[in-house]
Structure formats: C-alpha cells, structure tokens
Amino acid sequence: PVEGLETMLQRRPTATKPTDLCKGPGRLVQAMGITKSMNGTSLTSGSLYVLPAAAHPSFNQPFDTITTTRIGITQGADLPYRFYIAGNRFVSFPVRNVRQANT
C-alpha cells in the first residue's frame, strides 16, 4: 500500500504492523474494503478502480516482477499465477518456485 494505511489498519485491527496489512488476497481485500457485493464491478470506473502504476509518484522507478506458482491451493498449483514486485516487504511468502523475473 502506498496510501490509506490508517483506513486499512481500521479495517484490519488484527494487523500489528503495516507489512501485515495486505499479505495474501484475503487480507488485501479486507484492508481495501472489497466485499463480495463488488463482484463484477468495473475496475475502470466507479468507486473501486485501478490506476496505472505511472499515476502514483512512488512507481516512477523501474522494478523487477517475480512470477511464481500460487500458494495454498491444490488445483492449478503448478501454474504461474502469482506476481509481485521483487523485494516488496508487503508480500506473503516472497520466494517459492520462482519462474521468471522481468524488468
């Protein structure tokens, strides 16, 4: 997370430090206030939206993307469906079956 940490901490009161806020998909959606009622919501308009990385000043630097297999699933566990920024301290279990690294 790059902003809204106070709100995220309110939504996830069991998180004892900011790095625990968004580790994993369940924690991420809880911290961001995303609920099942938002299923199918457009991510390009409305109250829930995704901006390009270039829209935030902290992302003006190049970074390596790590691609790995998913964790804690049985079906499709060998597929490279997990992506994160190398060295990001908010990622749960940062290294496991690394498939590739891109800049």
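The values are calculated or read from the model by the stated rules, or taken from the named source; none is laboratory data. Because the structure is a prediction, the values reported are computed rather than measured. FYI the Cβ positions are ideal-geometry reconstructions off the backbone, even for glycines, and counts take in every protein chain you see. The protein model used for the area step is the full one, side chains on, heavy atoms only, and it has no ligands, DNA or RNA in it. Shrake-Rupley method; radii C 1.70, N 1.55, O 1.52, S 1.80 Å.
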- Pick from region 5-18 the residues that are surrounded by 14 or more Cβ atoms within 10 Å (Cβ to Cβ) and in a loop (DSSP other than H, G, I, E, B): which of them is modelled with the lowest pLDDT? ALA15
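Is it the case that region 54-63 has a residue that's within 16 Å of the chain's Cα centre (by Cα) and outside any loop (DSSP other than H, G, I, E, B)?
As a first pass, look at region 54-63 and keep what is within 16 Å of the chain's Cα centre (by Cα): 56, 58-59, 63.
Pick out the ones that are also outside any loop (DSSP other than H, G, I, E, B) and you get 58-59.
Yes, there is a match, as at least one residue in region 54-63 is within 16 Å of the chain's Cα centre (by Cα) and outside any loop (DSSP other than H, G, I, E, B).
Which ones in region 37-68 are in contact with a Phe, Trp or Tyr (Cβ under 7 Å, 6 or more places away or on another chain) and either in contact (Cβ under 8 Å) with a residue 60 or more places away in the chain or open to solvent by 80 Å² or more (accessible area, probe 1.4 Å) (or both)?
Across region 37-68, the qualifying residue is only LEU43.
Name the single residue that is farthest from THR19 (Cα to Cα) among those in region 74-92 being outside any loop (DSSP other than H, G, I, E, B) and open to solvent by less than 100 Å² (accessible area, probe 1.4 Å). Give the steps one after another, and end with the answer.
Narrowing region 74-92 to residues outside any loop (DSSP other than H, G, I, E, B): 82-85.
Next cut, open to solvent by less than 100 Å² (accessible area, probe 1.4 Å) only: 82, 84-85.
Values: ARG82: 18, TYR84: 14, ILE85: 14 Å.
For region 74-92, the residue satisfying everything is ARG82.
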- Could you grab me the full set of residues in region 19-36 that are open to solvent by less than 60 Å² (accessible area, probe 1.4 Å) and either in a helix (DSSP H, G or I) or among the charged types (D, E, K, R) (or both)? THR19, ASP20, LYS23, GLY26, VAL29, ALA31
